[in-house]
Amino acid sequence: MPVAVNNNNHNNVHKPLRKFEFKLKFNLQNIVIWLLVGFMALSFLFSLVGEVPKETKTVSLSGMITDIKDSKISKIEVVGNKLNLTYKDGKIATAQKQPDQALTQTLKEAGVDPSLVTIDIKDQSVSDAWLGILGTVLPLVLMAVFFLFIIRQARGAQDSIFSFGQSKARIFAKGKQFITFKDVAGVDEAKKELEEVVDFLKHPQKYRALGARTPKGVLLVGPSGCGKTLLAKAVAGEAGVPFFSMAGSEFMEMLVGVGAARVRDLFGNAKKSAPSIIFIDEIDAIGRMRGNGLAGGHDEREQTLNQILVEMDGFTPNDNVIVISATNRGDLLDSALLRPGRFDRRVIVDMPDLEARKAILKIHARGKPFADDVNWDIVAKRTVGFSGADIENMLNEAAIQAAREDRKQILMSDINEASLKVKLGPAKNKIQTDEDKKLTAYHEAGHAIVTYTLPDMDPVSRISIVARGVSLGHTLIPPSQDRTHETKSRLLAQIAAMMGGRGAEELVFKEMTTGAANDIEMATRIVRSMVVDFGMSSLGPINLGPQVEYSDMGRAIWAEPSQISAEMASKVDNEVKRIMGEAYEKAQLVLKKSLKKLDLVAKTLIEKETLEQEEFEALMKK
């Protein structure tokens, strides 16, 4: 699918300011701790400062007796041996009485009538007793609480250390996972394999009567977003047995031996709950090839892998426990992990074809109100190369678009816009000069006209000069059908269509721009593959690239540097140059014959900015 990239937009990225938030958790433990800390701080402060002094003066006992005789004192408050004096003019003073002698007796011995002043005696025995008890018990209580807190913290740290070896698998019982095989589409072969696994766990006698043994493992391999984890969730929903789910990275820890211990704990729990299923997502995190020289034999990841190998097919029998794993890098897995007896079944979960995309669209369209103009066959044809996750994201974006415009239904235009957003990025309101618009319009019109004119090419779906992502415009040419093979004539036609943008620029403006950089890069890559890998050149059917060894899952696992001579390398370069030159001449020839159509399409693009397939074909038929 040629996509013309005219210019790279370098946007200034402004980092958002960090927001600092202070959150205090109000629980009983925090409240008690803060109260104790506050009490200890206040006690320490009062012990240093003591009682807050008041603006009072101290008088002698004889001075107090003189003031009483002169009727200057109105009240005396007795607090132990301390006397608080209140004068009639409002002044306050203190004095000390003789220990073990009542104040009235002291006054009588001095010849003073006690009735001349009001005497208030405060009984301090109870308060002194409580203060004494509090001063003795409170430090002990604080020390006990402090040491109890330290012990609990130490015990928690010890428990966390010993819990390193315990698996962190999430357990799904029957009824706790609501995704079933009815919610999975486009992967019928994988569903059939996993349905047999679930049926074996539900009805083991049917298979054992014929001598069939339990499959030890099922490996799901495929690109990201094709439904591997969704299939595992469906197994959890269908199986009436415990389902243990864990990611490969969760086995690894900074402590040596933790990964192997977690593997033993995981399989131990699964065996106790047998029949059961274990799901390990992204198993390539721990199942990579051993002996690559990058780490020693005591590497933590290698120990974890060795333990998995032993648990899956070791000396200890492992009946009625099936391991399902998923990865998008199956070529990196160790050969001992892939052999029969460990992973007996390897299921390829590939990108969905046309019929699979139709089924996936039906599933993700549930619960969404679509308008009557939505043609799901057209949507399925225009989403070539979309994974199941991409299709779900596209329909979600379409629903968001309709909600943003306050509509009650999702239109076909919403789906088209969402597919472009997923494929190329959101539309940009980039301000372009009239000259830039004209250049972009003729560039994209050149792609479209060459594609329309040449045989073996798919129809043009859309032409636009609206900026998306890093491109100022695009011409979409989705395949009309899913193809397994590409012919030489179709590849040459694609190369010529890619060069149509540069040909239109040179033909109309007598100038070259940087907008064809991406077109030239993709075309050169195709041409070099034709010469070096596919044998589609005058050099003959010979592979001139590096010798590559492929795994049984179709991925390259080893490559030897190219052994061709300098003379042959020069011939390869000349052949690439020849094919590129011929494709460029073909594109220019087509555009010269259709110069009026080129002007018409470019002018219409400048006016409307976007042309759909029907509008473009109508212009070409005028």
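Any read-out appearing in this document is the output of simple, stated calculations on the displayed coordinates, not a laboratory observation. Being a predicted model, the structure only gives us computed values, none of them experimental. Ideal geometry is used to build each Cβ from the backbone, glycine not excepted, and the neighbour counts take in all protein chains shown.
Quick rundown of the values:
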| quantity | calculated |
| --- | --- |
| Packing-based order for 480-491, 63-74, 352-363, using average beta carbon neighbours within 10 Å, highest first | 352-363, 63-74, 480-491 |
| Rg and Dmax of segment 354-424, Cα atoms only, in Å | 10.9, 33 |
| 4 °C / 1.567 mPa s Stokes-Einstein diffusion coefficient of segment 434-620, Kirkwood radius on C-alpha pairs, µm²/s | 73 µm²/s |
| Built amide H within the under 5 Å cut-off of Ile121, gap 5+ | Val78 |
| Entries in Lys233/Lys381; Lys233/Lys271; Lys191/Lys362; Lys437/Lys622 that, when Cα-Cα distance is taken, lie over 26 Å | Lys233/Lys381 |
| Mean Cβ neighbour count within 10 Å, used as a protection proxy, ranking 462-471, 432-441 highest first | 462-471, 432-441 |
| Under 5 Å, built H, 5+ apart or other chain: amide partners of Leu472 | Asn6, Asn7 |
| Reciprocal of mean inverse Cα separation for segment 404-482 (Kirkwood radius, Å) | 14.2 Å |
